[in-house]
Amino acid sequence: QVQLVESGGGLVQVGESLTLSCAASGRTFSSYTVAWFRQAPGKEREFVAAIRRGDDSTGYTNFVKGRFTVSRDNAKNTVALQMNSLKPEDTAVYYCAAQAISRISSYSRHYDYWGQGTQVTVSS
């Protein structure tokens, strides 16, 4: 089993950048496909990005392509989400999630482990 803890959220202005980090304990993080989801007030949780176990290939939802980058640091046992050119609509609680299967999935039900979330607020 793996425990996930997100960090790095905060309040930023439109156009600024922020990097979120997801730290894993209990297991080697490289053994998992890790995804980022987000949930805005009154909305359903939605997929943002993922990095696949094994080859570290990545996938993104359309509304963050070219702005967000997901990466893995095996030495630190972390996965980061670099967010650039932030918009007010990026405001949400961001969650990292993990699954042991080597697949990039946008379905939250495919992920077995979840962090507690970190708030990102983009002010205009």
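Taking the conditions exactly as written (crowded, with 20+ Cβ neighbours inside 10 Å and in contact with a Ser or Thr (Cβ under 9 Å, 6 or more places away or on another chain)), does residue 46 satisfy them or not? It is false that residue 46 is crowded, with 20+ Cβ neighbours inside 10 Å and in contact with a Ser or Thr (Cβ under 9 Å, 6 or more places away or on another chain). Every residue in region 59-116 that is of a type in the set (Lys, Arg) and farther than 17 Å from residue 15 by Cβ, please. Once the filter is applied, which keeps residues that are of a type in the set (Lys, Arg) and farther than 17 Å from residue 15 by Cβ, region 59-116 yields 65, 72, 76, 103, 109.
Within region 49-63, if we keep just the residues that are among the small types (Gly, Ala, Ser) and modelled with pLDDT of 95 or more, the residue that is most open to solvent (accessible area, probe 1.4 Å) turns out to be 57. Considering only residues in region 1-24 that are under 15 Å from residue 112 (Cβ atoms) and open to solvent by 40 Å² or more (accessible area, probe 1.4 Å), the one that is modelled with the highest pLDDT turns out to be 3. Residue 66 meets the conditions (1) free of Cβ contacts under 8 Å to residues at least 24 places away in the same chain; (2) surrounded by 14 or more Cβ atoms within 10 Å (Cβ to Cβ); (3) on the phi > 0 side of the Ramachandran plot in every case but one. The failed one is (2).
Evaluating residue 99 against the criteria (1) more than 12 Å from the chain's Cα centre (by Cα); (2) under 13 Å from residue 120 (Cβ atoms) leaves one unmet condition, (2). Could you please let me know if residue 33 is under 21 Å from residue 101 (Cα atoms), at pLDDT 95 or above and among the hydroxyl-bearing types (Ser, Thr, Tyr)? The answer is yes for residue 33.
The values are calculated or read from the model by the stated rules, or taken from the named source; none is laboratory data. Being a predicted model, the structure only gives us computed values, none of them experimental. All Cβ positions, glycine included, derive from the backbone under ideal geometry; neighbour counts span all protein chains shown. What goes into the accessible areas is simple: the full protein's heavy atoms, side chains included, and nothing from ligands, DNA or RNA. Shrake-Rupley method; radii C 1.70, N 1.55, O 1.52, S 1.80 Å.
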